[in-house]
Amino acid sequence: MDTKKLIPIAAYAAWIGLTANAIRRRCIRGTLPGVKMGRDWFIPADTPYTDNRVKTGEYMDWRKKPAE
């Protein structure tokens, strides 16, 4: 991994619109490719952000009982 193309997670989080802690947690979990150098985390500048939330409404009203 080339260190010239790495940016701090604070800059990546500002670009995406999330907090640095959210990006740091994703790097620790392994869902984003992060590199820890010393005490700071860095992420490749060309990493796309993927939102894994279900947006189809598949789980909408899942607690309601079916009508009989």
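The count of lysine pairs in the chain with alpha-carbon distances below 29 Å, taking only pairs 8 or more places apart or on different chains, stands at 4.
Amide H contacts of I7 (H built 1.01 Å from N, in plane; Pro and chain starts excluded): I43, A45 sit under 5 Å, all sequence-distant by 5 or more or on other chains.
Each of the chymotrypsin sites (Phe, Trp or Tyr not before Pro) that DSSP puts in a loop and that has at most 15 other Cβ atoms within 10 Å breaks the chain; the longest unbroken stretch is 1-48.
The 3J(HN,Hα) values that the Karplus relation (6.51, -1.76, 1.60; θ = phi - 60°) gives for segment 9-22 are, in residue order, 5, 5, 5, 5, 5, 5, 5, 7, x, 10, 8, 5, 5, 5 Hz. Gly and Pro appear as x.
Taking all protein chains into account, the per residue accessible area for the chain stands at 86 Å² (1.4 Å probe). Evaluated with a Cβ-only charge set (Lys, Arg +1; Asp, Glu -1), the chain carries a dipole of roughly 260 debye about its Cα centre, given to the nearest 20.
Farthest toward the positive end of the dipole of the chain, out of M37, Y12, P48, is the Cα of M37, where the dipole comes from beta carbon charges about the Cα centre.
Over the chain, calculate the relative contact order: mean separation of alpha carbon pairs under 8 Å at least 6 apart, over the residue count, as a percent. It would help to have the intermediate numbers written out before the result.
Values: 49 pairs, mean separation 19.7, N = 68.
Reported relative contact order: 29 percent.
Carbon and sulfur atoms: what percent of the 1.4 Å accessible area of the chain do they account for? Numbers along the way, then the final one.
Details: 3130 of 5820 Å².
Carbon plus sulfur share of accessible area: 54 percent.
The values are calculated or read from the model by the stated rules, or taken from the named source; none is laboratory data. On a predicted model such as this, the values are computed, not experimentally measured, just so you know. Cβ: placed from backbone, ideal geometry, glycine included. Neighbour counts: every protein chain shown. To get the accessible areas, we keep the full protein, side chains included, count just its heavy atoms, and leave off ligands, DNA and RNA. Shrake-Rupley method; radii C 1.70, N 1.55, O 1.52, S 1.80 Å.
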